[in-house]
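A.B. asks: Please find one structure pasted underneath; my questions will follow.
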DNA sequence: TACAAAAAGTGCGCGCACGCAAGTTTGCGT
DNA sequence: ACGCAAACTTGCGTGCGCGCACTTTTTGTA
């Protein structure tokens, strides 16, 4: 179904991409991220430095990709996998939490490295933006083609919420300002942060779903 | 109130920033964006190239800033200016539409240039992300300090929605896929696109506002 | 099987972004 | 009025991102 092109060409491309991101992470762990030149990564993966840049547009992106991998498409697939009867908001939230709790992603060492270095933290958080397009398709699948525009906005919003949760999880952009009265929990568990962030969007997802359902009963309406 | 630091120092900084962005736009219009070196911009603004990079982290950013300017803080101020009785969703949507319809921003020539070159389009669309932080403060102001986390998610979502609207307005990232059955309006007017995109988030804003109101009546509840 | 079109890889070169370690200006307390 | 500390500017050097033109590999077709 989602096979796309399955030729030798595509196979090699994926292999190269994987070789690059794994080399990037391995070298970063071995020597520390600041002692890894792009040439080293390309060398280790057996391609030219120029080719490296055809796959990743920043060194941080390559390192982070080793841990982020194909999460985007997995999220979309996970949503599509939920039975149609499930509330859209639940399908989205559960799918995301599920994919961000994948034991594979918990490469202890790697995450420690990433959450330590500011540049990597930023790249890691920004990587969440990649779920937007797959998410759009997944949500549009539920809303019907009439709701494509709405789906795009909702997907972008969900991605933004995930970004916020991740940012908070890794310690935030800067030190939190000293709040006067309230006690501020430093970080918390990632699933909790994700659910909390996404909860704010549930009403919007519900409304879109309701609208789509009524449109199906009365196609003449806008 | 929102004065911040108003010393000579800050004054000079703003002057430099303005000189840089205006020089960037002027030169880009005169020679075409590809024939403008960073050194030229710095020269024209009377600072060193290195200083230029303390203000803008990409050439595109500087050019786009001339048209984007201080829109971020204006949006926040516009929201704060609405009377407290107004529905939050309306305050946000109206403030944003108002600020993105500022006649100043319609520097015909500049917008033509920006919407033409892909690199500039991207920078222009991405510039919308800058409204997130001011928006967070503005929304948090309405929701009360208990809703700060929610405010951040909502602000990020609103910014994302604006991004989507702008992206559509400037012609989209790539050519739209040929939809089978439906007629697709190419672009439409910016205010309409903004309202359409933000409409999907209205239910979330409403829900947050209701929650905040009930929390005010019953502070013991979470 | 042979071949032409498409796609991916590669070498080169140019600006650019940014860390670092000075030098310079502004702000503030005494 | 003075002087110190913090903020801003600047020159230098390094590695990187990417456009361009060219070679090599893969794919679809005759």
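We did not get these values from a lab; they are worked out from the coordinates using the rules stated. Since we're looking at a predicted model, the values are computed, not measured. For neighbour counting, all protein chains shown are included, and Cβ atoms are generated from backbone atoms with ideal geometry for every residue, glycine included.
A.B. asks: How tilted is helix A:71-81 with respect to the longest principal axis of chain A? Cα atoms for both, answer in degrees (0 to 90, nearest 10).
C.D. replies: 30 degrees
A.B. asks: Determine, for A:10, B:22, the number of other Cβ atoms within 10 Å of each Cβ, and report the residues in order from fewest to most.
C.D. replies: A:10, B:22
A.B. asks: Taking the inverse of the average 1/r across all pairs of different Cα atoms in the stretch A:32-114, what Kirkwood radius in Å do you get?
C.D. replies: Values: mean 1/r = 0.0667 Å⁻¹.
Evaluated over the stretch A:32-114, this radius sits at 15.0 Å.
A.B. asks: Listed highest first by mean packing, meaning other Cβ atoms within 10 Å per residue, what order do A:124-133, A:152-161, B:130-139 come in? If you can, show how the numbers build up before the last one.
C.D. replies: Details: A:124-133: 20.1, A:152-161: 27.3, B:130-139: 21.9.
Sorting A:124-133, A:152-161, B:130-139 by mean packing, highest first, produces A:152-161, B:130-139, A:124-133.
A.B. asks: Next question. Shape call for the stretch B:8-66 from the C-alpha gyration tensor, a ≥ b ≥ c root eigenvalues: rounded (a/c under 1.5), prolate (a/b greater than b/c) or oblate?
C.D. replies: Prolate, because a/c is 1.5 or more and a/b exceeds b/c.
A.B. asks: A follow-up question, please. With a ≥ b ≥ c taken as the square roots of the eigenvalues of the C-alpha gyration tensor of chain B, please select rounded if a/c is under 1.5 and otherwise prolate if a/b is larger than b/c or oblate if it is not?
C.D. replies: It comes out oblate by the Cα gyration axes.
A.B. asks: Also, I was wondering about something else. Be a star and scan the stretch B:27-52 for residues whose amide nitrogen sits under 20 Å from the point 7 Å along the Cα-to-Cβ vector of residue B:112.
C.D. replies: Label zone hits: B:27-36.
A.B. asks: Next up: If you line up the long axis of helix B:88-99 against the longest principal axis of chain B, both from Cα atoms, how many degrees apart are they, to the nearest 10?
C.D. replies: 20 degrees
A.B. asks: Classify the protein assembly as shown as rounded, prolate or oblate, taking a ≥ b ≥ c as the square roots of the eigenvalues of its Cα gyration tensor: rounded when a/c is under 1.5, otherwise prolate if a/b is larger than b/c and oblate if not.
C.D. replies: Verdict is rounded for the protein assembly as shown.
A.B. asks: Summarise the partner chain shielding of A:188-197 as one whole number: the mean count of Cβ atoms from other chains within 10 Å of each residue's Cβ.
C.D. replies: For this peptide, the per-residue mean of nearby foreign Cβ atoms is 1.
A.B. asks: Oh, and also: What FRET efficiency comes out for residue A:148 versus residue B:8 if R0 is 56 angstrom and r is the Cβ-Cβ distance? Round to the nearest 0.05. The partial results should precede the final answer.
C.D. replies: On the way: r = 53 Å, r/R0 = 0.94.
It comes out at approximately 0.60.
A.B. asks: May I ask you to derive the FRET efficiency for residue A:90 and residue B:122 from their Cβ-Cβ distance with R0 = 56 Å, giving the value to the nearest 0.05?
C.D. replies: Details: r = 34 Å, r/R0 = 0.61.
The computed FRET efficiency comes out at 0.95.
A.B. asks: Could you identify which residue out of A:147, A:171, A:108 has the top mean-square fluctuation in a GNM of chain A using Cα springs shorter than 10 Å?
C.D. replies: A:108
A.B. asks: Kindly provide the helix-only [θ] at 222 nm of chain B, computed as the sum of -39,500 (n - 2.57) over DSSP H runs of four or more divided by all residues, to the nearest 500 deg cm²/dmol?
C.D. replies: Computed ellipticity for chain B at 222 nm equals -21000 deg cm²/dmol.
A.B. asks: For chain B, find the longest principal axis of its Cα atoms and tell me its angle to the long axis of helix B:148-169, 0 to 90°, nearest 10.
C.D. replies: Taking the Cα atoms of chain B, the angle to B:148-169 is about 50 degrees.
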